[in-house]
Structures are given as structure tokens and as C-alpha cells.
Amino acid sequence: MNYLMPHSPTRDIQITKTGLLSKLNFVVKDMCKIKNHRTSCGNPDFYEKCQPADDFAPFLKKILEAGATLKGITICDEFFYSLIGENGHYGTPTNLNAPGCVPGGSSSGSAAALTTNLYDFSIGSDTGGSVRVPASFCGLFGIRPTHNRINTEGVYPMAPSFDTLGWFAKDIDIFKKIGSVLLNSNEKTEFSFKEFVIAEDILELASPEIIKLFNNYINDKFPEIKKIRLSKHNKEEIADNFRILQGGEIKENIIPWILENKPKISPEINNRIEMAMKITTDEINKAQNFREKLKVEIDKSLPKEIIALFPTTPFSSLKCGQSDEQLASYRKKLMEFTSIAGMTSRPQISMPKFKDNTGPIGISLLGWQYSDEILLEKLMYL
């Protein structure tokens, strides 16, 4: 099972057999505290220096107390710093829904595990697309919730102002059940749903085949649907500012440990770490200012009660074993589709809908802050 970590538990972990999630099995990304277990964050040297946890991360305890059974710990991209799904130390989890292709990352193993049909759901994290991209590539439901909607205590941080807990499922009812357990009910939106719109400025960046698949489906489903443009800014510009802010936070949260412990890091991730180290305070301040203005702009273009639809990814999954240069180009393109939710702290769900000659592609629903439950409810209309 190349989606599980070598240190994955050999026995099931269960707190109770009763609750909303009873009889459901799941796996979790190697990113959080699990009682009596160590965490690697995708790096063997980090694992060796990590101490066993004395308790479960609160979100994980919630799931276990709801009756679910933890079956394993899954592979992730090293230090969560990629959207591709390859790990130079632990390998590439097999995407059975797109043979010979990557599962997407960084929650790669959590997504790939569900393509085996051995588990009911899985847990990942999403900073810059790490649930949404694997959900699209593997043909799953996957969610990036509103930022801070789920307690991330006990989860190793990457970029805290973007980090969120997310989850995957193949079954829509199970997918919604996880939300009932994890989402803080005190933070629900007071607004109701009004209409779907198409985010045309994201759609037009997809491959011609995906644009055709998307338009044929959506126009048949909603013949009178409106089209909007989320931002006047080039999506590459938005993604670049996201990368600066993400890199600046990685510089604070991960790089100090790397400099002190000098772990062995795979070349692709090491290149990205070196780039993050060069980010200046001035660049971070300018990017933060850009972020605040972008939030105001998108609050106007996509106000409360409106849900934007667009393809989750600009293409289906990528063939395994491509060069670092090719992967960097693909990752840059993916970020044009994923960075808006992170920059604006909005919830986004990817749902399985299309398939081309390579593999699945998801449709995304982008809502307003705290509209997570509404997004989950509206999946049935698509």
C-alpha cells in the first residue's frame, strides 16, 4: 500500500464504536499529533527527531469520538510544499483513477487511498490547494473550509494564515457527515444562497477540452447562468503574491528547523525552500497589501449569497516522473486556479464531475466566508 507511511499504525485506532461516524473507516495525512505516534511531515529526518504525541490533535479526537476508526497515516509531499503528489523519500502514491499519473498534493496519500475503495473518507490539509488539487485529479469530493473554521491545534504549521484542515470522500452523504462533525456550528453564515455564477476569468485559463466539458455540462444544467469576472488582476499576479506570503510564513515556521537540523531534502523541495529564504520583508509587505485589496475586490464581485463555479484544475492529472522544470510550470498554472480561495479565506469544494482521456477533473464551488454548510448542501444540485 504505497499511500501509507512506513510508520503507519499496525492496529486500528478507535475511541468509541458509537456516534455519527460509527462503522466508518478513515486515514489521515502525516501532518498532525496522533497519540503515541510520531509525525514526519513527509521528511524522514523530521520523523526521527519528532517525539511521540501525548494526545490526539483536537480535530482528530472529534472524529474518533464520533465513532470513526483510524486505519492509517498517509504519505504527503515533503513539508507539504507541493501540489504534485510526489515525495522523493517515500514515493508517489498510486492514483488508481488515473493510472500512471500523480495523485496531486500535498495530501497525496489521503486522496490516493480513497481510489482503492478500502476507506470511507480521509483527512488532509489545504494551504494552497493541497486538498482541492488531489480531489480533482483522483475524482473525489474535497473541501478547503473557511480559514480557521476548524481548529488546527496539533497540526504542524506550514503557512498559518492560509492553513486549513480538509477532507475527502467518494460518497456525498459521508462527505457531508464529516462537515457536521468538524465545522464549528457557532460560525455558520447568516446569509442564504441566491444563485450560481460562472467565474469566467478562471474558466478561460483551462485547457480547451476542459472548457468544452465544463460549458456543455453547466449550460445544460443552468441555461440562464450568469458569468462574472472575479478580479481585474491577472491570475498569475494573484498566484505570485500568494507564493510570496506563503514563502514568508514558511520562512518563519519550517526553515528555522531545517537550518538547525540540516535534514536531507529532495531537490525539488530544496529549491523551493531556497527561494522562500530569499523573500524580503518589503516583498511580504507589498503582497499583504495586495491581499487586503483583493479581498475587498472579490467581496464586491462575488458577494454573499453567490457561489462561483469553475473547473478545479486547468487540466487532468499529470504523468509521473516529469522533470522539475515541467513540474514547476504545472504547479504555477495550478496556483492560478487555487490561490484565490486562500488569499480571501473563502471555502471551496471540488466535486468529481468530468473525465478526459487521462483522468478525472473536478468542478469547484467557491462561496463566501462561513458558507461551508451551504456549499455542502448545494452539491446535490450539481
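The fewest-to-most ranking of C50, C76, C138 by surrounding Cβ atoms within 10 Å reads C50, C76, C138. Taking Lys and Arg as +1 and Asp and Glu as -1, the other residues whose beta-carbon sits under 13 Å from that of D77 total -2.
Express in nm, to one decimal, how much length is gained between D45 and V296 on full extension, taking 0.36 nm for each residue of separation and deducting their alpha carbon distance.
Details: separation 251, 0.36 × 251 = 90.36 nm, distance 4.22 nm.
Contour length minus Cα-Cα distance gives 86.1 nm.
When peptides 308-321, 166-179 are sorted by average Cβ neighbour count within 10 Å, with the highest value leading, the order is 308-321, 166-179. Using the rule -39500 (n - 2.57) for each DSSP H run of four or more residues, divided by the residues of the chain, the 222 nm mean residue ellipticity is -11500 deg cm²/dmol.
To the nearest 0.05, what FRET efficiency results for E252 and F222 with a Förster distance of 41 Å applied to their C-beta separation?
Numbers: r = 44 Å, r/R0 = 1.07.
It comes to 0.40.
Listed options for semi-axes √(5λ) of the Cα gyration tensor in Å are (1) 35, 28, 19; (2) 36, 24, 20; (3) 29, 25, 20. The value calculated from this structure is the one marked (3). The modelled label-to-label distance for the pair E190/K304, using points 7 Å beyond Cα in the direction of Cβ, is 0.6 nm.
Taking Lys and Arg as +1 and Asp and Glu as -1, the other residues whose beta-carbon sits under 13 Å from that of E153 total +1. Per the Debye calculation on region 300-382 with a single equal scatterer at every Cα and no solvent contribution, log₁₀ I(q)/I(0) for q = 0.19, 0.21, 0.26 Å⁻¹ amounts to -0.89, -1.01, -1.28. To the nearest 0.05, what FRET efficiency results for M275 and D173 with a Förster distance of 30 Å applied to their C-beta separation? About 0.10, to the nearest 0.05. Beta bridges per DSSP, both residues in the chain: antiparallel share near 65 percent. Among 278-291, 337-350, sorting by the average number of other beta carbon atoms lying within 10 angstrom of each residue, highest first, gives 337-350, 278-291. Give the distance, in whole Å, between the Cα centre of region 204-269 and the Cα centre of region 294-308. Region 204-269 and region 294-308 have Cα centres separated by 18 Å.
So which of K194/K286; K300/K378; K188/K355; K188/K293; K212/K293 end up more than 28 Å apart by C-alpha?
Working: K194/K286 35 Å; K300/K378 22 Å; K188/K355 33 Å; K188/K293 25 Å; K212/K293 33 Å.
Listed pairs above 28 Å: K194/K286; K188/K355; K212/K293.
In a fully extended conformation the segment linking K23 and K332 would gain 107.2 nm over its present Cα-Cα distance, using 0.36 nm per residue. Pairs of Lys residues in region 25-186 that lie 8 or more places apart, or on two chains, and have C-alpha atoms under 18 angstrom apart add up to 18.
Ranked by the mean number of other Cβ atoms within 10 Å of their residues, highest first, the peptides 181-190, 265-274 come out as 265-274, 181-190.
A simple spin-label model places the labels of H233 and L118 4.2 nm from each other, with each point 7 Å out along Cα-to-Cβ.
A short reminder: the numbers here are calculations on the coordinates, not readings from a lab. Quick caveat: nothing in here was measured; it's all calculated off a predicted structure. So basically every Cβ, Gly included, is an ideal-geometry build from the backbone, and we count neighbours across all protein chains shown.
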